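Structure first, then comments.
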Amino acid sequence: MTADLIHTGVELAARDVEVAQLRQALVSRVWIEQAKGVLAGTQGISPDAAFQQLRARARSSKRKLADLAQEVVQDSQRERIAALAVHDARLQAAEARARAAEQALQAAQTGFSRRTAALDRAQDTADIRERAADTRDEVADERHRIANQRERAADARDRTANDS
């Protein structure tokens, strides 16, 4: 019975080692597949060509394929994050320029409104002056009419006096 227990324990340990190895192989395969996708996408090559490239690089550098694949994926992620940071910085700069342009537009609109109001006030003042000038002209015309009537009356008196 002890021998059976020991044998079973050894079998379980062997299976645990096998499961751990299979898990490691699965993780390695995930890194390799991701690296194939990265290379295929960035270099415009087929996944098979990407795998051949990975394998050749691993052999030439005497590294494990999974380790090289992990490095390729992580480098790609760092480059992507850096590109996103640059894009974000450009986007923030563009937003700042847009805000500045909006403020300049608002300032220009405010200035335009002020100038329009000043022009309206000047036009109102000109209209008032024109009405006053028209009133003065009417008064002057009335004075001339009255002066002409007086002159005609004086002329009529002079004729009447001359006739008598």
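The values are calculated or read from the model by the stated rules, or taken from the named source; none is laboratory data. Values in this document were obtained by computation on a predicted structure and should not be read as measured data. Cβ: placed from backbone, ideal geometry, glycine included. Neighbour counts: every protein chain shown. Please note that ligands, DNA and RNA were not included when accessible areas were found on the heavy atoms of the full protein model with its side chains. Shrake-Rupley method; radii C 1.70, N 1.55, O 1.52, S 1.80 Å.
What is the one condition in (1) without any contact (Cβ under 8 Å) to a residue 24 or more places away in the chain; (2) within 30 Å of Leu26 (Cα to Cα) that Val72 does not satisfy?
(1) is the only condition that Val72 fails.
Just checking, how many residues over the range 47-77 are under 37 Å from the mean Cα position of the chain (by Cα) and of a type in the set (Ser, Thr, Tyr)?
1
Inside the range 64-95, can you point out the residues that are open to solvent by less than 90 Å² (accessible area, probe 1.4 Å), of a type outside the set (S, T, N, Q) and within 15 Å of Ile32 (Cα to Cα)?
Leu65, Ala66, Asp67, Leu68, Ala69, Glu71, Val72, Val73, Asp75
Would you mind stating whether Gln123 is in a helix (DSSP H, G or I) and open to solvent by 90 Å² or more (accessible area, probe 1.4 Å)?
Working: in a helix (DSSP H, G or I): yes; open to solvent by 90 Å² or more (accessible area, probe 1.4 Å): yes.
Judged against the criteria, Gln123 is a match.
Suppose we filter the range 15-28 for residues that are open to solvent by less than 100 Å² (accessible area, probe 1.4 Å) and either closer than 17 Å to Asp67 by Cα or outside any helix (DSSP H, G or I) (or both); how many remain?
3
Hey, could you check the range 30-41 for residues that are surrounded by 13 or more Cβ atoms within 10 Å (Cβ to Cβ) and of a type outside the set (A, V, I, L, M) and say which is farthest from Asp75 (Cα to Cα)? So that I can check it myself, show each step before the final result.
Taking the range 30-41 first, the residues surrounded by 13 or more Cβ atoms within 10 Å (Cβ to Cβ) are 30-40.
After this cut, where a residue has to be of a type outside the set (A, V, I, L, M) as well, the list is 31, 33-34, 36-37.
Numbers: Trp31: 12, Glu33: 15, Gln34: 12, Lys36: 13, Gly37: 13 Å.
My answer is Glu33.
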